[in-house]
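Everything below concerns the one structure shown next.
The values are calculated or read from the model by the stated rules, or taken from the named source; none is laboratory data. What you see is a predicted model; the values in this text were computed from it and never measured. Glycine gets a Cβ as well: all are built from the backbone with ideal geometry, and neighbour counts include every protein chain shown. In case anyone asks, the SASA skips ligands and DNA or RNA and just uses the protein heavy atoms, side chains included. Shrake-Rupley method; radii C 1.70, N 1.55, O 1.52, S 1.80 Å.
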Amino acid sequence: MSKKKVLVTGGTGFIGSHTAAVLLDQGCDAVIFDNLSNSKIGVVDRIRRIAARRPDFAMGDIRDKAALSALFRAHDFDAVIHFAGLKAVGESVAKPLPYYENNITGSLALYEAMGNAGVRTLIFSSSATVYGPVNHVPYLEGMPLSATNPYGWTKLMNEQILRDLCAADPSWSVALLRYFNPGGAHRSGLIGEDPNGIPNNLLPYAAKVAAGELERIHIFGDDYDTPDGTGVRDYIHVMDLARGHALALDWLAAKRRGAGAGSGATAINLGTGKGTSVREIIAAFEAACGKTLPAVVGPRRPGDLAATYADAGLARELLGFETEYGIEDICADIWKWQQYAAENGI
Ligand code: NAD
Ligand code: UFG
């Protein structure tokens with residue numbers, strides 16, 4: 001990767017911290033901008049230990065226009081990776097307004113600040129949730145999009161805003177990266193997912209059960225039309241995901257050079273293309289931690305789909321992206337991080 005200076009909003013969070021570490025390793029400068037609403041400042045120091053270089057950190061909120069213009073005045077960015085946002089689906093149903101305010105108003109302020117500063121290369125964190133409940137797997141980027149909850153709408157709306165922006169001003173180059181189910185942790189065990197309270201997602205929940213902090217896993221339904229009846233998802237290692245961002249930055253830069261201008265907004269799935277069931281995840285986690293994880297089957301979780309997984313062909317074709325890690329690595333690395341976090345009071 002050519003040396004770039006990259007603004008990483010939400011860069012002390014789960015995916016942002018791993019991406020910042022990858023960028024630093026590849027010789028880029030990374031400036032993290034985060035309000036620490038769902039992450040801790042200690043992450044910055046642990047990124048430095050992993051990457052042997054320290055990212056710059058600016059505490060701030062993407063809704064704060066004055067803070068954003070000061071940030072863009074202080075740095076000459078080549079690109080922005082926009083991770084900052086709220087991400088809990090259930091909470092978004094209970095509290096839609098903070099979700100729209102944070103994820104829409106905040107993103108608009110960021111795009112405006114970028115435009116004012118002449119920085120028009122952007123990666124946006126989208127999600128497989130934009131495929132909604134109607135499509136058949138594997139999900140292809142050209143399929144019709146829909147949302148079933150406010151969080152999903154904020155992703156869909158951001159995609160539309162960025163498509164409109166690119167249509168109006170062809171000097172923008174935007175990648176809409178649609179993540180499937182991120183998991184794992186940095187291979188060092190020094191950074192990983194650090195959710196507040198009781199996790200909603202299967203992998204961090206299983207980690208807490210393995211650590212003895214929660215009693216048992218609740219399997220949300222075993223009567224789906226899937227090979228073992230439990231829900232199937234496309235789990236992608238966060239280090240693969242982070243590397244996908246570095247490849248997307250290079251791809252955007254090459255496209256801009258080739259076209260002599262921006263390259264529009266392009267949606268790209270980041271997944272493995274392979275589905276794994278809840279029972280397979282539990283078995284993999286048991287193998288990783290060497291313990292039996294108590295699990296009970298309960299009712300389906302409202303809104304869940306039987307199976308979601310990516311068609312990973314476009315990422316391969318455009319970015320040369322192939323995943324390196326499997327579900328065993330995902331579980332082993334979460335377990336390593338879980339133990340490090342417990343030992344160090346994180
Ligand atoms: P995360 O909560 O760990 O990280 C998000 C970071 O953004 C946090 O550090 C938080 O403090 C910060 N933040 C939130 N609102 C902010 C604001 N207004 N101003 C500045 N900082 C703010 O989440 P993550 O799992 O790393 O997800 C990163 C992005 O990827 C999010 O946009 C999320 O919606 C998207 N995504 C995540 C998943 C997933 O399962 N983790 C799947 C698909 C898409
Ligand atoms: N599950 C359980 N028990 C749990 C938690 C989950 O059985 O305690 C099951 C779910 O029913 C599903 C699978 O495990 O079959 C995965 O569920 P997660 O909650 O881990 O992940 P989701 O696929 O529901 O959602 C995640 C993110 C969303 C994102 C979506 C697509 O949480 O933000 O992936 O990217 F939109």
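Taking a probe of 1.4 Å, how large is the accessible area per residue of region 197-346, in Å²? Don't skip to the end; give the middle numbers.
On the way: 6740 Å² over 150 residues.
I get 45 Å² per residue for this part.
Work out the length of the dipole vector of region 5-343 about its Cα centre, built from +1 on the beta-carbon of each Lys and Arg and -1 on the beta-carbon of each Asp and Glu, and round it to the nearest 20 debye.
On the way: 31 positive and 38 negative charges, 124 e Å.
In debye, rounded to 20, region 5-343 gives about 600.
Convex hull over the alpha-carbon atoms of region 235-346: what's its volume per residue in Å³?
Convex hull volume per residue, Cα atoms: 155 Å³.
For region 20-138, max minus min Cα coordinate along each principal axis, in Å, sorted largest first?
44, 31, 26 Å, listed from the longest principal axis down.
Where a ≥ b ≥ c are the square roots of the eigenvalues of the C-alpha gyration tensor, would you call region 45-110 rounded, which needs a/c under 1.5, or, failing that, prolate if a/b is larger than b/c, or oblate?
oblate
Quick one: dipole size for region 207-346, taken about the Cα centre, charges +1 on Lys/Arg Cβ and -1 on Asp/Glu Cβ, in debye to the nearest 20. Write out the running numbers ahead of the final one.
Working: 14 positive and 20 negative charges, 103 e Å.
Charge dipole, region 207-346, about its Cα centre: 500 debye, nearest 20.
Per DSSP helix of 4 or more residues, -39500 (n - 2.57); summed, then divided by the residues of the chain. What does that give at 222 nm, rounded to the nearest 500?
Calculated mean residue ellipticity at 222 nm is -12000 deg cm²/dmol.
Need one number: convex hull volume per residue for the chain, Cα atoms only, in Å³.
On the way: hull volume 42.5 nm³, N = 346.
With only Cα atoms used, the chain gives 123 Å³ per residue.
Treat each spin label as a single point 7 Å out from the Cα along the C-beta direction, and report the LEU318 to GLU286 distance in nm.
4.1
If R0 is 25 Å, what FRET efficiency do you get for ALA74 and ILE41 from their C-beta distance, rounded to 0.05?
0.85
Given contacts defined as C-alpha pairs under 8 Å and at least six residues apart, what's the relative contact order of region 5-343, whole-number percent?
19
Using alpha carbon centroids, what distance separates region 1-22 and region 225-265, in Å?
15
For the modelled label position 7 Å from the Cα of ASP250 along Cα-to-Cβ, which residues of region 60-83 have backbone nitrogen atoms closer than 19 Å?
78-81
Which is the longest run of the chain containing none of the GluC sites (Glu not before Pro) found in DSSP loop states (not H, G, I, E, B) with at most 16 other C-beta atoms within 10 Å?
Details: sites that count: GLU213, GLU215, GLU322, GLU324.
With a cap of 16 other Cβ atoms within 10 Å, the longest stretch comes to 1-212.
Just the number, please: carbon plus sulfur as a percent of the accessible area of the chain, 1.4 Å probe, no ligands or DNA/RNA counted.
52
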